[in-house]
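**Student:** Next up is a structure, given as structure tokens.
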Amino acid sequence: GNSVTQMEGPVTLSEEAFLTINCTYTATGYPSLFWYVQYPGEGLQLLLKATKADDKGSNKGFEATYRKETTSFHLEKGSVQVSDSAVYFCALRDNQGGKLIFGQGTELSVKP
Amino acid sequence: GAGVSQSPRYKVAKRGQDVALRCDPISGHVSLFWYQQALGQGPEFLTYFQNEAQLDKSGLPSDRFFAERPEGSVSTLKIQRTQQEDSAVYLCASSLVWQGNTEAFFGQGTRLTVV
């Protein structure tokens, strides 16, 4: 079945450091891929998405590229801020319109 | 409303008690999902509706869990005879259409604690 694997956290970085959170997936067909973010005390929010191979999703300085050959969708940001501290979830949804399948989440803590 | 609304935000239930969790999706959204999120874990799929039809309930952990969406808008997740392992945050999400590339919007969840 479909599944998503993320790098384990917590990840602790200093402000302005480069961020990578790895995400790989297993799926039949051609799923859409998503990154969701959960700030402390808040609900899940969509951060970015990509719907086909080689698409790049981007938002708030974060980027992720849909790599079909490596079945990956790694999240990157060139310079993190304290306000980026949150839990990040990689997810996929098959194009039959069914459920979102999430990874286990990666907690990011950015120190001043 | 502007977003997905869930109530109550917090629920403490005694073991064996029945609970009902409510979800008000964004108006006009066809698809509605329920997820269970244990502490420190990613959301786990429970069930999915397209309008009033429950198309997938493969994630419901036992027959104590039941969900409905009778008029294709508000949904209720009911848990009978709650047990301690049911303690989790229950998330509801909705999306405008069924296509897989459509964004799903999440509510803030109901935190259920079974004591």
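**Student:** Is it the case that residue B:112 is of a type in the set (A, V, I, L, M, F, W, C), out of contact with any Gly (no Cβ under 6 Å at 6 or more places or on another chain), touching a residue at least 12 places away in the same chain (Cβ under 8 Å) and in a loop (DSSP other than H, G, I, E, B)?
**Tutor:** no
**Student:** Can you tell me which residue is nearest to the other protein chains (Cβ to nearest Cβ) among those in region B:26-45 that are in contact with a Phe, Trp or Tyr (Cβ under 7 Å, 6 or more places away or on another chain) and not in a loop (DSSP other than H, G, I, E, B)?
**Tutor:** Of everything passing the filter in region B:26-45, B:45 is nearest to the other protein chains (Cβ to nearest Cβ).
**Student:** Name the single residue, out of those in region B:46-63 being within 11 Å of another protein chain (Cβ to nearest Cβ) and in contact with an Asp or Glu (Cβ under 7 Å, 6 or more places away or on another chain), that is nearest to residue A:94 (Cα to Cα).
**Tutor:** Selected residue: B:48.
**Student:** Mind listing whichever residues of region A:74-112 are facing chain B (nearest Cβ under 9 Å) and of a type in the set (Gly, Ala, Ser)?
**Tutor:** A:91, A:97, A:98, A:103, A:105
Residues are listed down the side, and each one gets a yes or a no for (1) surrounded by 12 or more Cβ atoms within 10 Å (Cβ to Cβ); (2) over 17 Å from the mean Cα position of the chain (by Cα); (3) hydrophobic (A, V, I, L, M, F, W, C):
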site	(1), (2), (3)
A:2	yes, no, no
A:12	yes, no, no
A:17	yes, yes, yes
A:21	yes, no, yes
A:27	yes, no, yes
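**Student:** Of the residues in region B:13-25, how many are farther than 16 Å from residue B:107 by Cα, within 16 Å of the chain's Cα centre (by Cα) and not in a strand (DSSP E or B)?
**Tutor:** 1
**Student:** Return a yes/no flag: does region B:92-107 have any residue that is at positive phi and either within 14 Å of chain A (Cβ to nearest Cβ) or assigned to a loop (DSSP other than H, G, I, E, B) (or both).
**Tutor:** No, region B:92-107 contains no residue that is at positive phi and either within 14 Å of chain A (Cβ to nearest Cβ) or assigned to a loop (DSSP other than H, G, I, E, B) (or both).
**Student:** A further question on this structure: Looking at (1) within 14 Å of chain B (Cβ to nearest Cβ); (2) closer than 22 Å to residue B:45 by Cβ, which is the only condition residue A:71 fails?
**Tutor:** Of the numbered conditions (1) within 14 Å of chain B (Cβ to nearest Cβ); (2) closer than 22 Å to residue B:45 by Cβ, the odd one out for residue A:71 is (1).
**Student:** Still on this structure, please answer the following. Restricting the search to region A:2-36, which residues are β-branched (Val, Ile, Thr) and away from chain B (no Cβ under 11 Å)?
**Tutor:** A:11, A:12, A:20, A:21, A:24, A:26, A:28
**Student:** So, residue B:104, is that one at pLDDT 95 or above, under 26 Å from residue A:41 (Cα atoms) and buried (at least 17 other Cβ atoms within 10 Å of the Cβ) or not?
**Tutor:** Taking the combined requirement at face value, the residue does not satisfy it.
**Student:** Out of the residues in region B:46-60 that are part of a loop (DSSP other than H, G, I, E, B) and charged (D, E, K, R), state the one that is surrounded by the fewest Cβ atoms within 10 Å (Cβ to Cβ).
**Tutor:** So, considering only residues that are part of a loop (DSSP other than H, G, I, E, B) and charged (D, E, K, R), the one surrounded by the fewest Cβ atoms within 10 Å (Cβ to Cβ) is B:52.
**Student:** So, one more: Please verify whether residue A:79 is more than 12 Å from the chain's Cα centre (by Cα), loosely packed, with under 13 Cβ neighbours inside 10 Å and outside any loop (DSSP other than H, G, I, E, B), treating the condition exactly as stated.
**Tutor:** When the stated conditions are applied, residue A:79 does not pass them.
The values are calculated or read from the model by the stated rules, or taken from the named source; none is laboratory data. Computed from a predicted model, the values in this text were never measured in an experiment. Heads up, the Cβs are rebuilt from the backbone with ideal geometry, glycines too, and the neighbour counts pull from every protein chain shown.
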